[in-house]
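This report concerns only the one structure given below.
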Amino acid sequence: MKKKVISCMLAVSMLAMTLSGCGNEPGNGESSSAVEGGESQPIIQSSEVAGGQENQGGEENQNSQTEASQYQTTYGSKMFDNVTITVELFDRSNAPDGSTITENKWTEYVNQEMNKVGINVEFVPVPRWDEVTKMQSMVAGKTAPDLTLTYTYAYAEDYFNQGGIWDLTEFIDGADQALNMKEYLGQEVLDIGRNADGKLYGIVAKRATTAKSNICIRKDWLDDLSLSVPTTPDELYNVLEQMAKNNPDGRNDVLGMIIWNAWNLRMAFSKIAGDPAAVEIASTEDAIQDYYDEGMRDYYRFMNKMYNNGLLNQEYYTMSEDNFKSYIVTGAAASFEYAVNGSVDVMRGSLLKTLQENDPGADIVSIPPLKNVNDGKQYSAAYASGGLIAFCPLTADAETVEACMTYLDWMCTKEGGHVLYHGFEGEHYDYDSNGVPVVKDAEYNTKDKDWIRADIFLVGNQGYFATVDDFNACTAKEAPGYEDHVVANYENAMIGTLNHDSTYTSPSTPELITDINLVKDEYQVKCITCPMDQFEQTYDEYMEQLKNAGVQTIIDERTEHVGN
């Protein structure tokens, strides 16, 4: 579990000041129609969207000037007059030699295609793991890109409620608007970015799969110690203790477990995991679950025991993702929990492959979810159907927003998102007999496109795919030699009852979540690192501080929502 310190109190107060007096009404910028001289301009649409169906627009709306929407956001329905949009781009500091995050083959391709409709795209790099604090400071300082990104919907909705970002409804909901986007995302995903009044405050990316997390373990050490794959938290603890303290390779620097997230480990202690309504109430934030789910006390007690017995990194809460990965690739970790397929994912550094370059006999496998300590069943944490959300601050004028939506609409086409994610047929992939893109040269792709593809493709998390089966088949072939690991990783991430993240934001969440998260960040560390005989007192303090921060208000609102 990494420390995500949100030092944003100043940013939030600045935001309130800078947004005071602002409304959600759009600017006065007018959109020129695609119809000129009585003739409609051709609409450039993908001949094949992800679902393999031709995207049919409303012909009557497209050809009738009187019925056309004010803003034309289907790619090609309007020729813009050299409009420049700024777009946030997550920076993982992984650009290959000869490229930068903003100047590379794929940013050039974006501009090549967008220039065809009179749009220029300038990318604004933001460090991936500082995206929340950076976003908050940019919005507060009115320097945020025209397309700003976050995975925390509550922040985007809060900005909307304060009058700081655009209502996108009039850019998207018309029958002739954003036709590729509607086809690719679908109504369910599109509606995630709406508030209770139906106002569209952001465009949510569609997830190719809802598989979320894996607990992984050193399989070679299991075999060397004649140990079985652990199936319960107690079995896991015993296995990790033996791997660390009786290491078969004779190492004395091995940690039992390192944790980047603990989504599935938490499921093994949850007392509400089998209650869908309770899961819906608690699943919005770790802190909400910590307060609402009595089983979380047992989870933190387990972590405290591991910490005090030397099985966790003693400064785990300061660990960066690069540090986390270094433990794995140098063989200093017996086990870890990480994003699904993180053990062999090329985007995350092909960790097992790198480890085996240092230790050819090493192997890492994911394990099925641990049996819950309360009912003995297996539960897997799963993503909601939506990923990140993109929104437009009011610092952008109306035509800029129109161009931003056109940009996202283009990404929903085969010439847009499919190319950005998969590359070019014949260079990066060929199709198999089932029409699934098959990587030609994984090493070439890793250096040429994979390092940026997930971050530049804004309307799909984990790729441009029609179905989950297509995603699984393609992803397995992106890690030559590790196909079985990939398949097992995704299968293990979906075993048992799936508890999906909620996409509902209660009315008070945007106002309260910053204070709640500050409490969480402080006390999660205290609860895990305190002496064992101080744990109960520390955890009680944590619950009291969450209560003082208003967590019960959010729980009450979410309970009412679920009841309705």
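Values in this text are rule-based calculations from the coordinates and carry no lab data. Computed from a predicted structure; not experimentally measured. Cβ: placed from backbone, ideal geometry, glycine included. Neighbour counts: every protein chain shown.
How high is the relative contact order of the chain, given as a whole-number percent (alpha carbon pairs under 8 Å, six or more residues apart)?
Averaging sequence separation for qualifying contacts and normalising by length gives 23 percent for the chain.
Given C-alpha coordinates of the range 351-404, what is the ratio Rg to Rh with the Kirkwood estimate of Rh?
Answer for the range 351-404: 1.34.
What lysines could a cross-link reach from Lys134, if we take a straight Cα to Cα line under 19 Å and drop same-chain neighbours fewer than 8 places away?
Cross-link targets: Lys2, Lys3, Lys4, Lys142.
Which shape class applies to the range 411-451: rounded if a/c is under 1.5, otherwise prolate when a/b exceeds b/c and oblate if not, where a ≥ b ≥ c are the square roots of the Cα gyration tensor eigenvalues?
Cα axes put the range 411-451 in the oblate bin.
Just for the Cα atoms in the range 174-290, what are the lengths along the principal axes, largest first, rounded to whole Å?
Result, largest extent first: 66, 31, 22 Å.
Suppose every K and R has +1 on its Cβ and every D and E has -1 on its Cβ; what is the size of the dipole of the chain about the Cα centre, in Debye to the nearest 20?
1420
Between Ala95 and Thr169, what length comes free when the chain is fully extended (0.36 nm per residue of separation minus the Cα-Cα distance, one decimal in nm)?
Residue separation times 0.36 nm, minus the Cα-Cα distance, leaves 23.0 nm.
Using Cα-only point scatterers and the Debye equation, what is log10 of I(q)/I(0) for the range 87-218 at each q in 0.10, 0.13, 0.18, 0.19 Å⁻¹, rounded to two decimals?
Summing over Cα pairs of the range 87-218 leads to -0.42, -0.72, -1.28, -1.36.
Starting with the highest mean, order 88-98, 514-524 by the number of other Cβ atoms within 10 Å, averaged over the residues of each peptide.
Top of the packing list down: 514-524, 88-98.
Taking just the C-alpha trace of the chain, give me its Rg and Dmax in Å.
Over the chain's Cα set, Rg and Dmax evaluate to 24.3, 81 Å.
For the chain, what does the helix formula give at 222 nm: sum of -39500 (n - 2.57) over DSSP H segments with n ≥ 4, over the residue count, nearest 500 deg cm²/dmol?
About -11500 deg cm²/dmol.
Quick check: convex hull over the Cα atoms of the range 272-399, volume per residue in Å³, rounded to an integer?
Convex hull of Cα atoms, per residue: 196 Å³.
In whole Hz, what ³J(HN,Hα) sequence does the range 507-516 give by Karplus (6.51, -1.76, 1.60; θ = phi - 60°), x for Gly and Pro?
After applying 6.51 cos²θ - 1.76 cosθ + 1.60, I find x, 8, 4, x, 6, 9, 5, 5, 5, 4 Hz.
Using the alpha carbons of the range 333-453, what is the convex hull volume per residue in cubic angstrom, as a whole number?
223
Quick check: pseudo-label points 7 Å beyond the Cα along Cα→Cβ at Val562 and Lys447, how many nm apart are they?
Each label point lies 7 Å from its Cα, and together they span 5.1 nm.
Assuming R0 = 35 Å, can you tell me the calculated FRET efficiency for the pair Gln537 and Asn246, based on Cβ-Cβ distance, to the nearest 0.05?
Efficiency, rounded to the nearest 0.05: 0.55.
Do any trypsin sites (Lys or Arg not before Pro) in the range 114-147 lie in a loop, going by DSSP, with at most 16 other beta-carbon atoms within 10 Å of their beta carbon, and if so which?
Lys142
Kirkwood Rh over alpha-carbon pairs of the range 426-521, then Stokes-Einstein at 4 °C and 1.567 mPa s: what D in µm² s⁻¹, rounded to an integer?
Approximately 78 µm²/s, per Stokes-Einstein.
Multiply the residue separation of Asp430 and Asn323 by 0.36 nm, subtract the distance between their alpha-carbon atoms, and state the gained length in nm to one decimal.
34.9 nm
Please compute the length gained on full extension between Glu315 and Thr330, using 0.36 nm multiplied by the number of residues separating them and subtracting their Cα-Cα distance.
Additional length available on full extension: 3.6 nm.
Arranged by the count of other C-beta atoms within 10 angstrom, fewest first, what order do Cys474, Cys527, Cys412 take?
Cys474, Cys527, Cys412
List the residues, sorted by chain then number, that are 5 or more residues from Thr231 or on another chain and whose placed amide H is less than 5 Å from its amide H.
Leu236
Hey, can you rank 554-562, 191-199, 207-215 by average C-beta count inside 10 Å, highest first?
Going from most to least packed, we get 207-215, 554-562, 191-199.
So what's the gap between the Cα centers of the range 486-527 and the range 208-278, to the nearest angstrom?
Cα centroid to Cα centroid, the span is 19 Å.
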